[in-house]
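Q: Here it is, the structure in full.
The values are calculated or read from the model by the stated rules, or taken from the named source; none is laboratory data. Small disclaimer: the values here were computed from a predicted structure and weren't measured. Note: ideal-geometry Cβ built from the backbone for every residue, glycine included; neighbour counts use all protein chains shown.
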Amino acid sequence: MAFSGNIDYKRLNDLVSNFVSTFDIDKDTFAETEKLSIKILKEQYLPTETDEWSRDFSLNETVDIVYEYLDSFDHNMAIQYNTLLHQRYEDGTLAVNFVDGKYNPDEESYFDYDQHVQFVFFNNPLDVTTLLHEMIHMMNSCKIEVKENIGDYLFRLIGNTETRVLLGESASITFELLLSEFMLEKGYITENDYNLIYNDRLDSTKANAEGIIVLNELIKLYLRDGHIDFINLTNLLNSRDRKSIVGKVLRYEYRTYECLLDVLDEEEIFINELEKYVLGFTIAKEILKDIDPLKETLWLHDELGNVNSNLDTVIDDLNRDLSVKIR
(Lines give C-alpha, C1' and ligand atoms only; values in the text may rest on other atoms or scores of the structure.)
Protein backbone atom coordinates (compact mmCIF):
# COMPACT_ATOMS: atom_id res chain seq x y z
CA MET A 1 0.00 0.00 0.00
CA ALA A 2 1.38 3.39 -0.97
CA PHE A 3 1.24 6.30 1.45
CA SER A 4 1.32 9.95 0.49
CA GLY A 5 3.59 12.61 1.88
CA ASN A 6 0.94 13.63 4.44
CA ILE A 7 2.77 11.63 7.10
CA ASP A 8 5.12 13.87 9.10
CA TYR A 9 7.66 11.24 10.07
CA LYS A 10 9.69 13.49 12.36
CA ARG A 11 6.59 14.60 14.26
CA LEU A 12 5.40 10.99 14.51
CA ASN A 13 8.81 9.96 15.84
CA ASP A 14 8.71 12.73 18.45
CA LEU A 15 5.21 11.81 19.61
CA VAL A 16 6.10 8.15 20.05
CA SER A 17 9.40 9.01 21.74
CA ASN A 18 7.65 11.31 24.22
CA PHE A 19 4.94 8.74 24.94
CA VAL A 20 7.45 5.95 25.56
CA SER A 21 9.61 8.02 27.89
CA THR A 22 6.77 9.70 29.76
CA PHE A 23 4.92 6.49 30.59
CA ASP A 24 7.94 4.17 30.77
CA ILE A 25 6.62 1.96 27.97
CA ASP A 26 8.37 -1.23 26.90
CA LYS A 27 7.63 -3.76 24.16
CA ASP A 28 5.42 -5.84 26.48
CA THR A 29 3.31 -3.03 27.99
CA PHE A 30 0.40 -3.61 25.61
CA ALA A 31 1.16 -7.25 24.75
CA GLU A 32 -1.97 -8.64 26.42
CA THR A 33 -4.16 -5.89 24.96
CA GLU A 34 -2.80 -6.65 21.50
CA LYS A 35 -3.72 -10.32 21.95
CA LEU A 36 -7.24 -9.32 22.98
CA SER A 37 -7.43 -6.99 19.96
CA ILE A 38 -6.49 -9.79 17.56
CA LYS A 39 -9.13 -11.99 19.17
CA ILE A 40 -11.78 -9.28 18.74
CA LEU A 41 -10.92 -8.88 15.07
CA LYS A 42 -11.72 -12.58 14.64
CA GLU A 43 -15.14 -12.22 16.33
CA GLN A 44 -18.06 -12.98 14.04
CA TYR A 45 -20.99 -10.60 13.58
CA LEU A 46 -24.43 -11.91 14.49
CA PRO A 47 -26.59 -12.74 11.46
CA THR A 48 -29.19 -10.16 10.40
CA GLU A 49 -32.00 -10.30 7.87
CA THR A 50 -32.10 -6.54 7.38
CA ASP A 51 -30.21 -3.44 8.44
CA GLU A 52 -33.50 -1.68 9.18
CA TRP A 53 -34.86 -1.32 12.71
CA SER A 54 -38.22 -2.95 13.41
CA ARG A 55 -39.79 0.27 14.67
CA ASP A 56 -39.18 3.78 15.96
CA PHE A 57 -38.64 4.66 19.61
CA SER A 58 -39.74 7.99 21.00
CA LEU A 59 -37.43 9.84 23.37
CA ASN A 60 -39.90 9.34 26.23
CA GLU A 61 -40.06 5.61 25.55
CA THR A 62 -36.28 5.39 25.54
CA VAL A 63 -36.03 7.18 28.89
CA ASP A 64 -38.80 5.04 30.40
CA ILE A 65 -37.32 1.69 29.29
CA VAL A 66 -33.98 2.50 30.88
CA TYR A 67 -35.78 3.38 34.13
CA GLU A 68 -37.84 0.17 33.93
CA TYR A 69 -34.72 -1.92 33.43
CA LEU A 70 -32.83 -0.39 36.37
CA ASP A 71 -35.91 -0.58 38.59
CA SER A 72 -36.23 -4.30 37.81
CA PHE A 73 -33.19 -5.05 39.99
CA ASP A 74 -32.30 -1.90 41.98
CA HIS A 75 -34.84 0.81 42.78
CA ASN A 76 -32.17 3.16 44.15
CA MET A 77 -30.26 3.02 40.86
CA ALA A 78 -33.47 3.84 39.02
CA ILE A 79 -34.07 6.83 41.30
CA GLN A 80 -30.47 8.02 40.85
CA TYR A 81 -30.83 7.72 37.07
CA ASN A 82 -34.10 9.62 37.02
CA THR A 83 -32.78 12.37 39.30
CA LEU A 84 -29.63 12.85 37.23
CA LEU A 85 -31.73 13.17 34.07
CA HIS A 86 -33.31 16.30 35.55
CA GLN A 87 -30.31 17.60 37.49
CA ARG A 88 -29.29 21.21 36.96
CA TYR A 89 -25.94 22.34 38.34
CA GLU A 90 -25.20 25.59 40.15
CA ASP A 91 -23.75 27.09 36.98
CA GLY A 92 -27.13 26.58 35.30
CA THR A 93 -26.03 23.71 33.03
CA LEU A 94 -28.06 20.54 32.78
CA ALA A 95 -26.46 17.23 33.74
CA VAL A 96 -27.92 15.63 30.62
CA ASN A 97 -28.17 17.41 27.29
CA PHE A 98 -30.58 15.83 24.79
CA VAL A 99 -29.65 16.33 21.12
CA ASP A 100 -31.90 15.33 18.22
CA GLY A 101 -29.72 13.37 15.80
CA LYS A 102 -32.10 14.14 12.96
CA TYR A 103 -30.87 17.74 12.97
CA ASN A 104 -27.37 17.02 14.32
CA PRO A 105 -26.25 13.82 12.56
CA ASP A 106 -22.55 14.44 13.20
CA GLU A 107 -22.91 14.84 16.97
CA GLU A 108 -22.01 11.94 19.27
CA SER A 109 -23.17 10.79 22.68
CA TYR A 110 -20.60 11.06 25.46
CA PHE A 111 -19.96 11.53 29.17
CA ASP A 112 -17.33 13.98 30.36
CA TYR A 113 -15.81 14.17 33.79
CA ASP A 114 -17.31 17.58 34.34
CA GLN A 115 -20.39 15.48 35.07
CA HIS A 116 -22.25 16.08 31.82
CA VAL A 117 -23.84 13.61 29.45
CA GLN A 118 -24.62 14.50 25.87
CA PHE A 119 -27.19 12.06 24.55
CA VAL A 120 -27.84 12.12 20.80
CA PHE A 121 -31.03 10.26 19.91
CA PHE A 122 -32.14 8.91 16.54
CA ASN A 123 -35.48 7.36 17.58
CA ASN A 124 -34.33 3.76 17.19
CA PRO A 125 -33.62 0.85 19.61
CA LEU A 126 -29.92 1.75 19.82
CA ASP A 127 -30.94 4.95 21.64
CA VAL A 128 -31.96 2.92 24.69
CA THR A 129 -28.64 1.14 25.17
CA THR A 130 -26.69 4.32 24.35
CA LEU A 131 -28.55 6.31 27.01
CA LEU A 132 -27.94 3.66 29.65
CA HIS A 133 -24.27 3.38 28.64
CA GLU A 134 -23.61 7.08 29.20
CA MET A 135 -25.73 7.30 32.35
CA ILE A 136 -23.85 4.39 33.93
CA HIS A 137 -20.66 6.41 33.44
CA MET A 138 -22.26 9.30 35.27
CA MET A 139 -23.76 7.12 37.98
CA ASN A 140 -20.51 5.43 38.94
CA SER A 141 -18.62 8.72 38.92
CA CYS A 142 -20.62 10.13 41.80
CA LYS A 143 -22.19 9.12 45.07
CA ILE A 144 -25.80 9.80 45.94
CA GLU A 145 -26.84 11.17 49.32
CA VAL A 146 -30.33 11.98 50.57
CA LYS A 147 -30.85 15.16 52.56
CA GLU A 148 -32.50 14.30 55.85
CA ASN A 149 -36.21 15.24 55.96
CA ILE A 150 -36.01 16.95 52.58
CA GLY A 151 -35.73 14.21 49.98
CA ASP A 152 -33.50 16.17 47.61
CA TYR A 153 -30.54 14.35 46.20
CA LEU A 154 -26.97 15.53 46.39
CA PHE A 155 -24.38 14.16 43.99
CA ARG A 156 -20.74 14.22 44.97
CA LEU A 157 -18.12 13.75 42.27
CA ILE A 158 -15.76 11.09 43.60
CA GLY A 159 -12.87 11.82 41.29
CA ASN A 160 -11.44 10.14 38.26
CA THR A 161 -10.07 7.02 39.96
CA GLU A 162 -7.39 4.86 38.37
CA THR A 163 -9.84 1.96 38.23
CA ARG A 164 -12.45 3.93 36.30
CA VAL A 165 -9.88 5.36 33.89
CA LEU A 166 -8.92 1.88 32.69
CA LEU A 167 -12.09 -0.13 33.28
CA GLY A 168 -14.80 2.54 33.06
CA GLU A 169 -16.16 1.22 29.76
CA SER A 170 -16.51 -2.32 31.13
CA ALA A 171 -19.59 -1.72 33.27
CA SER A 172 -21.26 0.53 30.69
CA ILE A 173 -20.79 -1.97 27.85
CA THR A 174 -21.91 -4.92 30.00
CA PHE A 175 -25.01 -3.05 31.12
CA GLU A 176 -25.92 -2.11 27.54
CA LEU A 177 -25.67 -5.77 26.46
CA LEU A 178 -27.74 -6.90 29.44
CA LEU A 179 -30.32 -4.20 28.65
CA SER A 180 -30.62 -5.39 25.05
CA GLU A 181 -31.37 -8.90 26.40
CA PHE A 182 -34.02 -7.37 28.70
CA MET A 183 -35.57 -5.49 25.78
CA LEU A 184 -35.71 -8.67 23.70
CA GLU A 185 -37.33 -10.64 26.53
CA LYS A 186 -39.90 -7.87 27.08
CA GLY A 187 -40.77 -7.71 23.38
CA TYR A 188 -39.53 -4.15 22.91
CA ILE A 189 -37.19 -5.26 20.14
CA THR A 190 -36.91 -8.16 17.70
CA GLU A 191 -34.04 -10.62 17.50
CA ASN A 192 -32.84 -8.78 14.41
CA ASP A 193 -32.80 -5.52 16.42
CA TYR A 194 -30.83 -7.28 19.15
CA ASN A 195 -28.27 -8.50 16.63
CA LEU A 196 -27.97 -5.03 15.10
CA ILE A 197 -27.27 -3.54 18.55
CA TYR A 198 -24.63 -6.18 19.27
CA ASN A 199 -23.02 -5.76 15.85
CA ASP A 200 -22.84 -2.00 16.28
CA ARG A 201 -20.85 -2.43 19.50
CA LEU A 202 -18.66 -5.13 17.94
CA ASP A 203 -17.94 -3.01 14.88
CA SER A 204 -16.77 -0.01 16.90
CA THR A 205 -14.66 -2.30 19.10
CA LYS A 206 -13.01 -3.82 16.03
CA ALA A 207 -12.05 -0.30 14.92
CA ASN A 208 -10.53 0.34 18.36
CA ALA A 209 -8.70 -3.00 18.20
CA GLU A 210 -7.19 -2.07 14.84
CA GLY A 211 -5.97 1.22 16.28
CA ILE A 212 -4.31 -0.59 19.18
CA ILE A 213 -2.49 -2.95 16.83
CA VAL A 214 -1.22 -0.13 14.62
CA LEU A 215 -0.07 2.01 17.55
CA ASN A 216 1.51 -0.89 19.44
CA GLU A 217 3.44 -1.91 16.34
CA LEU A 218 4.53 1.72 15.99
CA ILE A 219 5.76 1.72 19.60
CA LYS A 220 7.63 -1.57 19.14
CA LEU A 221 9.19 -0.25 15.94
CA TYR A 222 10.52 2.80 17.79
CA LEU A 223 11.81 0.68 20.68
CA ARG A 224 13.54 -1.69 18.27
CA ASP A 225 15.12 0.83 15.89
CA GLY A 226 15.39 3.83 18.19
CA HIS A 227 13.59 6.03 15.69
CA ILE A 228 10.77 6.15 13.14
CA ASP A 229 11.48 7.29 9.60
CA PHE A 230 10.16 6.86 6.07
CA ILE A 231 11.96 3.56 5.44
CA ASN A 232 11.15 1.55 8.55
CA LEU A 233 7.58 2.88 8.77
CA THR A 234 6.93 2.09 5.10
CA ASN A 235 8.27 -1.43 5.60
CA LEU A 236 6.00 -1.82 8.62
CA LEU A 237 2.89 -0.57 6.83
CA ASN A 238 3.51 -2.52 3.64
CA SER A 239 4.05 -5.77 5.60
CA ARG A 240 7.67 -6.04 4.48
CA ASP A 241 8.66 -6.04 8.14
CA ARG A 242 8.37 -9.74 9.04
CA LYS A 243 7.98 -8.97 12.74
CA SER A 244 4.91 -6.81 12.10
CA ILE A 245 1.38 -8.19 12.29
CA VAL A 246 -0.29 -5.08 10.84
CA GLY A 247 -0.82 -6.48 7.34
CA LYS A 248 -1.98 -9.85 8.69
CA VAL A 249 -4.89 -8.83 10.90
CA LEU A 250 -6.36 -5.48 9.80
CA ARG A 251 -9.64 -5.57 7.90
CA TYR A 252 -8.92 -2.56 5.71
CA GLU A 253 -5.50 -1.24 4.69
CA TYR A 254 -6.63 2.37 4.84
CA ARG A 255 -7.28 2.01 8.60
CA THR A 256 -3.52 2.06 9.22
CA TYR A 257 -3.07 5.34 7.38
CA GLU A 258 -6.19 6.76 9.05
CA CYS A 259 -4.84 5.91 12.48
CA LEU A 260 -1.49 7.59 11.83
CA LEU A 261 -3.19 10.75 10.55
CA ASP A 262 -5.38 10.78 13.68
CA VAL A 263 -2.26 10.60 15.86
CA LEU A 264 -0.72 13.55 14.02
CA ASP A 265 -3.99 15.49 14.10
CA GLU A 266 -4.53 14.97 17.83
CA GLU A 267 -0.80 15.06 18.61
CA GLU A 268 -1.23 12.13 20.95
CA ILE A 269 -0.53 8.40 21.06
CA PHE A 270 -4.06 7.54 22.21
CA ILE A 271 -3.59 3.80 22.67
CA ASN A 272 -4.74 4.06 26.32
CA GLU A 273 -8.08 5.50 25.18
CA LEU A 274 -8.59 2.67 22.69
CA GLU A 275 -7.56 0.10 25.28
CA LYS A 276 -10.53 1.02 27.50
CA TYR A 277 -13.02 -0.07 24.83
CA VAL A 278 -11.22 -3.29 23.93
CA LEU A 279 -10.99 -4.24 27.61
CA GLY A 280 -14.60 -3.16 28.14
CA PHE A 281 -15.97 -5.36 25.38
CA THR A 282 -13.76 -8.30 26.36
CA ILE A 283 -14.82 -8.10 30.01
CA ALA A 284 -18.48 -7.68 29.04
CA LYS A 285 -18.40 -10.79 26.84
CA GLU A 286 -16.88 -12.85 29.65
CA ILE A 287 -19.25 -11.52 32.32
CA LEU A 288 -22.23 -12.49 30.16
CA LYS A 289 -21.04 -16.11 30.41
CA ASP A 290 -21.20 -15.94 34.22
CA ILE A 291 -23.92 -17.76 36.15
CA ASP A 292 -25.11 -14.40 37.50
CA PRO A 293 -23.87 -11.71 35.06
CA LEU A 294 -25.94 -8.95 36.69
CA LYS A 295 -24.34 -9.59 40.08
CA GLU A 296 -20.86 -9.45 38.54
CA THR A 297 -21.72 -6.25 36.65
CA LEU A 298 -23.06 -4.55 39.78
CA TRP A 299 -19.86 -5.49 41.62
CA LEU A 300 -17.81 -3.89 38.84
CA HIS A 301 -20.08 -0.82 38.82
CA ASP A 302 -19.52 -0.42 42.57
CA GLU A 303 -15.75 -0.80 42.21
CA LEU A 304 -15.72 1.95 39.57
CA GLY A 305 -17.51 4.22 42.02
CA ASN A 306 -15.30 3.34 44.98
CA VAL A 307 -12.68 5.99 45.81
CA ASN A 308 -10.69 3.36 47.69
CA SER A 309 -10.77 0.84 44.86
CA ASN A 310 -7.39 -0.68 44.03
CA LEU A 311 -6.88 -1.21 40.30
CA ASP A 312 -4.47 -4.11 40.71
CA THR A 313 -6.89 -5.90 43.05
CA VAL A 314 -9.81 -5.41 40.65
CA ILE A 315 -7.73 -6.72 37.73
CA ASP A 316 -6.62 -9.73 39.79
CA ASP A 317 -10.27 -10.46 40.64
CA LEU A 318 -11.28 -10.19 36.97
CA ASN A 319 -8.38 -12.37 35.81
CA ARG A 320 -9.40 -14.98 38.37
CA ASP A 321 -13.11 -14.91 37.57
CA LEU A 322 -12.90 -14.60 33.77
CA SER A 323 -11.42 -17.04 31.31
CA VAL A 324 -9.22 -14.36 29.73
CA LYS A 325 -6.24 -12.45 31.05
CA ILE A 326 -6.94 -8.73 31.14
CA ARG A 327 -3.38 -7.64 31.96
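Q: Please verify whether Ile287 is in the same structural domain as Thr33 (by TED's automatic domain parsing), surrounded by 17 or more Cβ atoms within 10 Å (Cβ to Cβ) and either within 17 Å of the chain's Cα centre (by Cα) or not basic (Lys, Arg) (or both), treating the condition exactly as stated.
A: On the way: in the same structural domain as Thr33 (by TED's automatic domain parsing): no; surrounded by 17 or more Cβ atoms within 10 Å (Cβ to Cβ): yes; either within 17 Å of the chain's Cα centre (by Cα) or not basic (Lys, Arg) (or both): yes.
Spelling it out, it is not the case that Ile287 is in the same structural domain as Thr33 (by TED's automatic domain parsing), surrounded by 17 or more Cβ atoms within 10 Å (Cβ to Cβ) and either within 17 Å of the chain's Cα centre (by Cα) or not basic (Lys, Arg) (or both).
Q: So Glu49 fits all but one of (1) acidic (Asp, Glu); (2) within 29 Å of Asn272 (Cβ to Cβ); (3) not assigned by TED's automatic domain parsing to the domain that holds Ile228; what number is the exception?
A: Single failed check for Glu49: (2).
Q: Shifting gears a bit: If I filter region 198-205 for residues that are small (Gly, Ala, Ser) and surrounded by fewer than 18 Cβ atoms within 10 Å (Cβ to Cβ), do I get at least one hit? Even if it seems obvious, please write down each step before you answer.
A: So in region 198-205, the residues small (Gly, Ala, Ser) come out as 204.
This time we only want the ones that are surrounded by fewer than 18 Cβ atoms within 10 Å (Cβ to Cβ), so: 204.
Yes, region 198-205 contains at least one residue that is small (Gly, Ala, Ser) and surrounded by fewer than 18 Cβ atoms within 10 Å (Cβ to Cβ).
Q: Surrounded by 11 or more Cβ atoms within 10 Å (Cβ to Cβ), farther than 30 Å from Val324 by Cβ, touching a residue at least 60 places away in the same chain (Cβ under 8 Å) and not basic (Lys, Arg): is that true of Thr50 in this structure?
A: On the way: surrounded by 11 or more Cβ atoms within 10 Å (Cβ to Cβ): no; farther than 30 Å from Val324 by Cβ: yes; touching a residue at least 60 places away in the same chain (Cβ under 8 Å): yes; not basic (Lys, Arg): yes.
In short, no.
Q: Within the bounds of region 24-37, is there any residue that is in contact with a Ser or Thr (Cβ under 9 Å, 6 or more places away or on another chain) and under 30 Å from Asn123 (Cβ atoms)?
A: no
Q: Identify the single condition in (1) in contact (Cβ under 8 Å) with a residue 24 or more places away in the chain; (2) within 20 Å of Ile189 (Cβ to Cβ) that Tyr110 does not satisfy, given that it satisfies every other one.
A: (2)
Q: Which of the following residues is at pLDDT 95 or above, on the phi < 0 side of the Ramachandran plot and either surrounded by 18 or more Cβ atoms within 10 Å (Cβ to Cβ) or of a type outside the set (Asp, Glu) (or both): Thr62, Thr33?
A: On the way: Thr33 fails: at pLDDT 95 or above.
Being at pLDDT 95 or above, on the phi < 0 side of the Ramachandran plot and either surrounded by 18 or more Cβ atoms within 10 Å (Cβ to Cβ) or of a type outside the set (Asp, Glu) (or both) holds for just one of Thr62, Thr33, which is Thr62.
Q: Moving to a separate point now. Filter region 88-121 for residues that are assigned to a loop (DSSP other than H, G, I, E, B) and aromatic (Phe, Trp, Tyr); which is modelled with the lowest pLDDT?
A: First, pick out the residues of region 88-121 that are assigned to a loop (DSSP other than H, G, I, E, B): 89-93, 95, 101-109, 113-115.
Retained after the next criterion (residues that are aromatic (Phe, Trp, Tyr)): 89, 103, 113.
Numbers: Tyr89: 81, Tyr103: 96, Tyr113: 72.
The residue in question is Tyr113.
Q: Among the residues of region 290-323 satisfying the criterion of being among the polar types (S, T, N, Q) and without any contact (Cβ under 8 Å) to a residue 12 or more places away in the chain, which is surrounded by the fewest Cβ atoms within 10 Å (Cβ to Cβ)?
A: Going residue by residue through region 290-323, those that are among the polar types (S, T, N, Q) are 297, 306, 308-310, 313, 319, 323.
With without any contact (Cβ under 8 Å) to a residue 12 or more places away in the chain added as a condition, the list becomes 308, 313, 319.
Details: Asn308: 8, Thr313: 11, Asn319: 14.
The residue in question is Asn308.
Q: Right, here's the next one. May I ask you to verify whether His86 is closer than 20 Å to Asp302 by Cα, in the same structural domain as Leu167 (by TED's automatic domain parsing) and either in contact (Cβ under 8 Å) with a residue 60 or more places away in the chain or out of contact with any strand residue (DSSP E or B) (no Cβ under 7 Å at 6 or more places or on another chain) (or both)? Steps first, answer last, please.
A: Values: closer than 20 Å to Asp302 by Cα: no; in the same structural domain as Leu167 (by TED's automatic domain parsing): yes; either in contact (Cβ under 8 Å) with a residue 60 or more places away in the chain or out of contact with any strand residue (DSSP E or B) (no Cβ under 7 Å at 6 or more places or on another chain) (or both): yes.
Considered against the rule, which asks whether it is closer than 20 Å to Asp302 by Cα, in the same structural domain as Leu167 (by TED's automatic domain parsing) and either in contact (Cβ under 8 Å) with a residue 60 or more places away in the chain or out of contact with any strand residue (DSSP E or B) (no Cβ under 7 Å at 6 or more places or on another chain) (or both), His86 comes out as no.
Q: Every residue in region 150-191 that is at pLDDT below 95 and either among the hydrophobic types (A, V, I, L, M, F, W, C) or farther than 25 Å from Thr83 by Cβ (or both), please.
A: Ile150, Leu154, Phe155, Leu157, Ile158, Glu162, Val165, Leu166, Leu167, listed by residue number.
Q: Another question, if that's okay. Which residues, taken from region 159-195, are within 19 Å of Leu132 (Cα to Cα) and of a type in the set (Asp, Glu)?
A: The answer is Glu169, Glu176, Glu181, Glu185, Asp193.
Q: Give Ile38, Ile7 a once-over and let me know the one that is more than 25 Å from Leu131 (Cβ to Cβ) and either assigned by TED's automatic domain parsing to the domain that holds Asn140 or not in a helix (DSSP H, G or I) (or both). Full working, then the answer.
A: Details: Ile38 fails: either assigned by TED's automatic domain parsing to the domain that holds Asn140 or not in a helix (DSSP H, G or I) (or both).
Going through Ile38, Ile7 in turn, just one is more than 25 Å from Leu131 (Cβ to Cβ) and either assigned by TED's automatic domain parsing to the domain that holds Asn140 or not in a helix (DSSP H, G or I) (or both): Ile7.
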